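J.: Shown below is the structure under consideration.
Where a number appears in this text, it was derived from the coordinates with a stated rule and is not lab data. Treat the numbers as computed from the prediction; the structure is a model and nothing was measured. All Cβ positions, glycine included, derive from the backbone under ideal geometry; neighbour counts span all protein chains shown.
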Amino acid sequence: MLSRLRLINRNQRGFTLIELIIAIGITGLIGGGITMTMFQTFDYNTRSSARMTAVAQLENAILWVSRDIQMAQTVEPDPDGFPLTLTWVEWDTNNERQVVYTLVDNKLRREHYTNRATNPDPDDTLFVARYIDSSETSCSWDDVTGTLTFTLTTKVSRGAQESSETRICEVVPRPS
């Protein structure tokens with residue numbers, strides 16, 4: 001009977017314990033590498049999405065504010081930066097236009113008044129940018145150069161990722 005058991009053991013084929021441990025280790029390394037690559041790809045996409053949103057919000061705000069400043073004949077920023085009041089008279093209709101920019105709940109709001117109306121038309125009030133960081137956003141008027149300098153900062157969070165973008169713009173209104 002012993003001879004039979006020895007024959008069975010000698011004729012058995014399979015993996016040794018060391019070979020199994022090495023195979024499991026190699027599989028773990030490959031799986032860990034693939035997992036890390038996937039997480040980095042998702043993390044990059046999230047970070048990229050947050051940055052694109054921040055940049056888009058800044059560009060939209062700069063477009064609106066720059067356009068209105070270039071039209072303005074009178075620029076009146078608050079000593080703290082906002083609200084920013086811009087006023088001009090249209091040459092063809094003689095209508096007085098006034099635009100007031102304010103920061104409300106991390107949004108840049110634009111209100112448009114015609115002929116010194118006390119309330120803007122609801123269609124003339126819009127939020128031109130979201131995710132504005134009010135602690136790092138300001139505007140100031142330089143009487144010497146006739147230039148308005150405004151600094152806008154947006155902070156956008158996507159999951160654990162946060163992206164912050166800042167732009168400093170100098171705009172000269174049209175000559176009076």
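J.: Take the Cα radius of gyration of the range 46-93 and divide it by 2.2 N^0.38 Å, with N its residue count; two decimals is plenty.
T.: 1.57
J.: Taking the highest mean first, how do the peptides 67-73, 85-91 order by number of other beta carbon atoms within 10 angstrom per residue? Show your work: numbers first, answer last.
T.: Working: 67-73: 17.7, 85-91: 15.9.
The most tightly packed comes first, giving 67-73, 85-91.
J.: Let me ask something additional. Counting other C-beta atoms within 10 Å, and keeping those with at most 16, which DSSP coil trypsin sites (Lys or Arg not before Pro) do you find in the range 81-169?
T.: Arg116
J.: Same structure again: Per-residue HN-Hα couplings for the range 57-71, Karplus 6.51 cos²θ - 1.76 cosθ + 1.60 at θ = phi - 60°, whole Hz, x for Gly and Pro?
T.: Running phi through 6.51 cos²θ - 1.76 cosθ + 1.60 with θ = phi - 60° gives 5, 4, 4, 5, 5, 5, 4, 5, 5, 4, 4, 5, 5, 5, 7 Hz.
J.: From the C-alpha gyration tensor of the chain, pull out the three semi-axes of the equivalent ellipsoid (sqrt of 5λ each), sorted largest to smallest, in whole Å.
T.: 69, 15, 11
J.: Taking the Cα atoms of the range 77-155, report the difference between the largest and smallest coordinate on each principal axis, in whole Å and largest first.
T.: Projected onto its principal axes, the Cα set of the range 77-155 covers 40, 35, 18 Å.
J.: GNM on the chain, C-alpha springs below 10 Å: top fluctuator among Ile62, Ile26, Ile34?
T.: Among Ile62, Ile26, Ile34, the largest GNM mean-square fluctuation belongs to Ile26.
J.: Which whole-number percent gives the relative contact order of the range 89-163, counting Cα pairs below 8 Å spaced six or more residues apart? Write out the running numbers ahead of the final one.
T.: Working: 117 pairs, mean separation 14.9, N = 75.
In percent, rounded to a whole number, it is 20.
J.: What's the magnitude of the charge dipole for the chain around its Cα centre, counting Lys and Arg as +1 and Asp and Glu as -1 at the beta-carbon? Answer in Debye, nearest 20.
T.: So the dipole magnitude of the chain works out to roughly 2120 debye.
J.: Averaging sequence separations of C-alpha pairs under 8 Å and six or more residues apart, then dividing by the length of the chain, give the relative contact order as a whole percent. Let's see the in-between values first.
T.: Working: 280 pairs, mean separation 36.7, N = 176.
Computed value for the chain: 21 percent relative contact order.
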